[in-house]
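To start, the structure under review is shown below, and the notes come after it.
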Amino acid sequence: HAVPLAGGEVSTLADGPGAPTDLCVSGDDVFWTEYGGDAHGILGTVNRVSRSGGDVTVLADGVRPPVAVAVAGDIVHWCEGGPLAQIEGYGRVAHVAREGGEVMLTLAGVSQAMPPLAADSEAVYVGDRWTLKRLSLDATSSQDLASAGFGIVFVATNGSVVAWVEGD
């Protein structure tokens, strides 16, 4: 759903999503991740719809449970994880073009079950347990940007700084 910042009429952008796990707005589009639950073998989708509603475009289908989404320019990034990623060894950050296409690996080996994600025009940032990681947009490099005192649960950036919230 959407509503103008000044308030007013609520509009429905898309009906019937499965189990949405994250949402972001970029330009004229709304992106979200969803999956059917946290049991073994559950796969999900990464989706896009216009801010004015209309047809939903599935950008990536059949991905391991996607739990966070961030858009940087023409690239949509998401974390795959969920409660089983750590024990089953498939936690990663992946990406696809804003218009869809081939799903590509950004970073393998993410061990946090529900990793937070943020992006700007320069990089993608992921909280992986007690480490804040910076990933290049072209997926050619990554670096540990900071160490936290506790597990990182939220990450945000404005293009100048990266902020995070640590759990208990």
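The values are calculated or read from the model by the stated rules, or taken from the named source; none is laboratory data. A quick note: this is a predicted structure, and the numbers were derived from the prediction, not measured. Positions of Cβ are backbone-derived with ideal geometry, glycine not excepted, and every protein chain shown enters the neighbour counts. Surface accessibility is based on the protein's heavy atoms, side chains included, excluding ligands, DNA and RNA. Shrake-Rupley method; radii C 1.70, N 1.55, O 1.52, S 1.80 Å.
Quick notes on this structure:
- Residue that is surrounded by the fewest Cβ atoms within 10 Å (Cβ to Cβ), among those in region 138-153 that are closer than 16 Å to His77 by Cα and not polar (S, T, N, Q): Asp138
- Residue match in region 106-115 (condition: within 16 Å of Glu80 (Cβ to Cβ) and exposed (fewer than 14 other Cβ atoms within 10 Å of the Cβ)): yes
- Any hit, region 4-19, residues being among the polar types (S, T, N, Q) and touching a Pro at 6+ places or on another chain (Cβ under 7 Å): no
- Check on Leu135, open to solvent by less than 40 Å² (accessible area, probe 1.4 Å), at negative phi and over 13 Å from the mean Cα position of the chain (by Cα): yes
- Among the candidates Pro66, Pro17, Pro4, the residue that is at pLDDT below 90 and surrounded by fewer than 20 Cβ atoms within 10 Å (Cβ to Cβ) is uniquely Pro17.
- Only listed residue being outside any loop (DSSP other than H, G, I, E, B), open to solvent by less than 50 Å² (accessible area, probe 1.4 Å) and not charged (D, E, K, R), chosen from Val25, Val46: Val46
- Taking each residue of region 108-119 that is under 11 Å from His77 (Cα atoms) and looking for partners that are among the aromatic types (Phe, Trp, Tyr) and surrounded by 23 or more Cβ atoms within 10 Å (Cβ to Cβ) with beta-carbon atoms closer than 6 Å, six or more apart or interchain, yields Ala118/Tyr125.
- Checking each residue in region 71-97 for being open to solvent by less than 10 Å² (accessible area, probe 1.4 Å), modelled with pLDDT under 80 and touching an Asp or Glu at 6+ places or on another chain (Cβ under 9 Å) picks out only Gly82.
- Within region 47-75, residues that are on the phi > 0 side of the Ramachandran plot sit with their Cβ atoms under 7 Å from residues that are of a type in the set (A, V, I, L, M, F, W, C), at 6+ positions apart or across chains, in these pairs: Gly53/Leu13; Gly62/Leu43.
- Residue check, Glu80 without any contact (Cβ under 8 Å) to a residue 12 or more places away in the chain and among the charged types (D, E, K, R): no
- When residues of region 28-37 are limited to those that are farther than 20 Å from Asp74 by Cβ and surrounded by 15 or more Cβ atoms within 10 Å (Cβ to Cβ), the one modelled with the lowest pLDDT: Tyr35
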